[in-house]
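J.: Input: one structure, supplied below.
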Amino acid sequence: MFHVISIRDFSRDDIERVLERAREMEEVYETGDDRLEGKILCTLFFAPSTRTRLSFESAMLRLGGDVISMVGKEAASTAKGENLADTVRTVQHYCDVIVLRHPKEGAARLAAEYSSVPVINAGDGANQHPTQTLLDLYTIVKEKGRIEGLRVGVLGDLKYARTVHSLVQALAEFGARIYLISPPELRIPEHVRVDIEGKAEVTETEDVTEVLPELDVLYVTRIQREMFPDPEEFEKVKGSYKITRRMIEEYADDDLVILHPLPRVDEIEPDVDELPQARYFDQVRNGVVVRMALLDLILNG
Amino acid sequence: MSKELKVKKIRNGTVIDHIPPGRAMDIIKILNVNMEEDTVLIAVNVDSSKMGKKDIIKIEGKLLERDEVDKVAIVAPEATVNIIKDYEVVKKFKVKPPETVEGVIKCPNPNCITNDEREPVRTRFVLESDDPPVYRCEYCERLVEADRLPDLIR
């Protein structure tokens, strides 16, 4: 494994290798390790995402590596004068691996073409965020022991939420049964639906309570203002769905697992957090574990 | 079918036939044609039994390279290419959608990194599925139907 640019580059075997290594990292997460001692990770964030950056930095530090970073205004001012290709050709000499977040789609692919060190895509505009997809899959496997045959509902903005498309494609590949739950305006794009219908059983609905009793996993997404090309469209759909405590208590199975990539806005009511089904904060830890696994695979093989 | 030839024959070279009406100039633009030296005959909006109207291009003394045929296929997916020797058609074939399209077209996604003029990057599209042909930008991963490509030529 060298660059991590798009989940589309991952075969099923590749994904399983990452999940396997992540399981090994559960213990290392607790004890710490020095297997990446002497290695330097550089976070290069041209668009803000504190959580993703901290997650990567935490993963590197837990494996004994060091971290340098260029974020926010620093990266932004570089962006004005210097192109990304030049930035990457400079930064590659400061580190052993680059983690890149960039507002333009395709930026990570371009960076990888110019970089002599591995590039990990931590989000390129509205396109890919492969480590999010991997941590989602890992969380589901960790919680449920498998993906095949699971009934997974994906609720929310299925139109613009970038990671949802990669996630449902991977879930379909692994044999899950998929429930697409969204307001009509935010339905999944036709080409994604056609793609997964070829591999998995797919149900589309607007009413979460209708399918809630059947679900093993409910993955909730938020509506992201920045993903909407038209602000009016955003105003129309914001706040259009919400998971309440009553809904879960009335309709959901006891061993339902509720996930959310976070941060949450208002799509899950805060009093759902205390329910045993709520696992979205555990998911955050899994993010670190999966990124440790990736760094170990990339830098140690 | 009218037997009257609208454009005179060429001796050796290439005839590109069944070009959608009005697209001939787009094809000339993307082929390596030297407009100062090469003999080029262009017919626009000619009657066609198959297409109603069509364009035809005849280039004296030129054989198309592989990548030029690919470019023709982008603008004119129905086109036929005829190789002419001594006024006779010695080879005739229909163009096919190419597996990859590099550098010829721009990505329709304004936020794609390939549309940032500061970056040293050529666009690259890969044929994702046939019937109808759909391409995917290798960078932003946006899908583009092949029939949109002619409008995206740089």
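J.: Just the Cα atoms of segment A:78-139: what Rg and Dmax do they give in Å?
T.: Answer for segment A:78-139, Rg first and Dmax second: 12.2, 41 Å.
J.: Magnitude of the Cβ-charge dipole of segment A:130-284, K/R +1 and D/E -1, about the Cα centre, nearest 20 debye? Intermediate values should be presented prior to the final figure.
T.: Working: 19 positive and 33 negative charges, 92 e Å.
About 440 debye.
J.: Let me ask something else. Note the full-extension length gain between A:Leu61 and A:Arg89 as 0.36 nm times their separation in residues minus their Cα-Cα distance, in nm to one decimal.
T.: Contour length minus the Cα-Cα distance gives 7.6 nm.
J.: Listed highest first by mean packing, meaning other Cβ atoms within 10 Å per residue, what order do A:240-252, A:104-116 come in?
T.: Details: A:240-252: 16.4, A:104-116: 24.1.
Result, highest mean Cβ count within 10 Å first: A:104-116, A:240-252.
J.: Considering the Cα positions of segment B:1-126, please state its Rg to one decimal place and its Dmax as a whole number of Å.
T.: 16.2, 53
J.: May I ask for the distance between the Cα centers of segment A:276-301 and segment B:116-154, given as a whole number of Å?
T.: 34
J.: Taking H as built 1.01 Å from N, whose amide H comes closer than 5 Å to the amide H of A:Val257, not counting residues under 5 places away?
T.: Here the answer is A:Val217, A:Leu218, since their amide H atoms fall under 5 Å of that of A:Val257.
J.: Moving on. Given contacts defined as C-alpha pairs under 8 Å and at least six residues apart, what's the relative contact order of chain A, whole-number percent?
T.: Numbers: 550 pairs, mean separation 59.9, N = 301.
Across chain A, relative contact order equals 20 percent.
J.: By the gyration tensor of its Cα atoms, with a ≥ b ≥ c the square roots of the eigenvalues, what is the shape of segment B:58-127: rounded for a/c under 1.5, prolate for a/b over b/c, or oblate?
T.: Note, shape of segment B:58-127 comes out prolate.
J.: Anyone know which of A:Leu180, A:Leu19, A:Leu84 comes out most mobile in the 10 Å Cα GNM of chain A?
T.: The residue with the greatest mean-square fluctuation here is A:Leu84.
J.: Oh, and also: Would you compute, from DSSP H runs of 4+ residues alone, the mean residue ellipticity of the protein assembly as shown at 222 nm, taking -39500 (n - 2.57) per run and dividing by the full residue count, rounded to the nearest 500? Before the final figure, lay out the partial values.
T.: Details: 14 runs with 150 residues, N = 455.
Helix-only estimate at 222 nm: -10000 deg cm²/dmol.
J.: Also, I was wondering about something else. Give me the one-decimal nm value for the distance between modelled label points at B:Ile42 and A:Thr50, 7 Å along each residue's Cα-to-Cβ direction.
T.: With each label placed 7 Å out from Cα toward Cβ, I get 5.9 nm.
J.: How large is ³J(HN,Hα) for each residue in segment A:233-249, as worked out from phi by the Karplus curve 6.51 cos²θ - 1.76 cosθ + 1.60 (θ = phi - 60°), to whole Hz, x for Gly and Pro?
T.: Those phi angles translate into 4, 5, 4, 5, 9, 5, x, 7, 8, 7, 8, 10, 4, 4, 4, 5, 5 Hz.
J.: With charges only on Cβ, +1 for K and R and -1 for D and E, what is the dipole size of chain A about its Cα centre, in debye, rounded to 20?
T.: Dipole about the Cα centre, nearest 20: 900 debye.
J.: Could you list log10 I(q)/I(0) for segment A:130-284 at q = 0.09, 0.14, 0.16 Å⁻¹, which the Debye formula gives when each Cα is one point scatterer?
T.: With no solvent term, the Cα-only Debye profile gives -0.25, -0.63, -0.84.
J.: Which value in nm describes the separation of the simple spin-label points at B:Phe93 and A:Asp253, placed 7 Å from the Cα toward the beta carbon?
T.: Distance between the two pseudo-spin positions: 5.5 nm.
J.: As an exercise, use a Förster radius of 41 Å and the Cβ-Cβ distance of B:Arg154 and A:Leu262 to find the FRET efficiency, rounded to the nearest 0.05. Show your work: numbers first, answer last.
T.: Values: r = 41 Å, r/R0 = 1.01.
Working from the Cβ atoms, E equals 0.50.
J.: If you bin the C-alpha pair distances of segment A:1-126 every 10 Å from 0, what whole percents do you get?
T.: 13, 42, 35, 9, 0
J.: From the backbone phi of segment A:187-198, what are the Karplus-calculated ³J(HN,Hα) couplings (6.51 cos²θ - 1.76 cosθ + 1.60, θ = phi - 60°) in whole Hz, Gly and Pro given as x?
T.: Karplus-based 3J(HN,Hα) across segment A:187-198 equals 5, 5, x, 3, 5, 6, 4, 4, 4, 7, 5, x Hz.
J.: What's the magnitude of the charge dipole for segment A:32-161 around its Cα centre, counting Lys and Arg as +1 and Asp and Glu as -1 at the beta-carbon? Answer in Debye, nearest 20.
T.: The calculation lands at about 380 debye.
J.: Mind checking which lysines have their Cα closer than 25 Å to the Cα of B:Lys58? Skip sequence neighbours fewer than 8 apart in that chain.
T.: Filter leaves B:Lys3, B:Lys6, B:Lys8, B:Lys9, B:Lys29, B:Lys50, B:Lys71, B:Lys85, B:Lys91, B:Lys92, B:Lys94, B:Lys96.
J.: Then there's this: List the residues, sorted by chain then number, that are 5 or more residues from B:Glu128 or on another chain and whose placed amide H is less than 5 Å from its amide H.
T.: Here B:Val134, B:Tyr135, B:Arg136 satisfy the definition.
J.: Given a cut-off of 28 Å, what percent of all Cα-Cα pairs of the protein assembly as shown lie beyond it? Please report the intermediate quantities before stating the final value.
T.: Working: 60766 of 103285 pairs.
Summing the P(r) of the protein assembly as shown above 28 Å gives 59 percent of all pairs.
J.: Moving on. Rounding to the nearest 10 and keeping the result within 0 to 90°, find how far the Cα-based axis of helix B:66-75 lies from the longest principal axis of chain B.
T.: The angle comes out near 80 degrees.
J.: I'd like to know which of A:Ala170, A:Leu218, A:Pro130 lies farthest towards the positive end of the charge dipole of segment A:130-284, counting +1 on Cβ of Lys and Arg and -1 on Cβ of Asp and Glu.
T.: Going by the charge dipole, the pick is A:Pro130.
J.: Something else about it: By how many nm would the segment from A:Glu226 to A:Met1 grow when fully extended, if each residue of separation counts as 0.36 nm and the alpha-carbon distance is taken off? Don't skip to the answer; put the middle values down first.
T.: Numbers: separation 225, 0.36 × 225 = 81.00 nm, distance 3.16 nm.
Extra length available between A:Glu226 and A:Met1 comes to 77.8 nm.
J.: OK, next. Using amide H atoms built 1.01 Å from N in the peptide plane, name the residues 5+ places from A:Thr43, or on other chains, whose amide H lies under 5 Å from its own.
T.: Amide H neighbours of A:Thr43: A:Ile68, A:Ser69, A:Met70, A:Val99.
J.: Which lysines have a Cα lying under 28 Å from the Cα of A:Lys242, excluding residues fewer than 8 positions away in the same chain?
T.: Within the straight-line cut-off, A:Lys242 pairs with A:Lys142, A:Lys144, A:Lys159.
J.: Specify, per residue and in Å³, the volume enclosed by the convex hull of the alpha carbon atoms belonging to segment A:147-188. Walk me through the intermediate numbers first.
T.: Working: hull volume 2.0 nm³, N = 42.
Each residue corresponds to 49 Å³ of Cα convex hull volume.
J.: Further question: Which of B:Met51, B:Met25, B:Met35 moves the most in a Gaussian network model of chain B with Cα springs under 10 Å?
T.: B:Met35
J.: In terms of the Cα gyration tensor, with a ≥ b ≥ c the square roots of its eigenvalues, is segment B:12-78 rounded because a/c is under 1.5, prolate because a/b exceeds b/c, or oblate? Let's see the in-between values first.
T.: Numbers: a/c = 1.88, a/b = 1.43, b/c = 1.31.
Taking the square roots of the gyration eigenvalues as a ≥ b ≥ c, segment B:12-78 is prolate.
J.: Stretched out fully, how many nm does the piece from A:Glu74 to A:Asp13 gain, at 0.36 nm a residue minus the Cα gap?
T.: Details: separation 61, 0.36 × 61 = 21.96 nm, distance 3.84 nm.
Gain on stretching A:Glu74 to A:Asp13: 18.1 nm.
The numbers here are math on the coordinates, done by the rules we state, and not lab data. Treat the numbers as computed from the prediction; the structure is a model and nothing was measured. Note: ideal-geometry Cβ built from the backbone for every residue, glycine included; neighbour counts use all protein chains shown.
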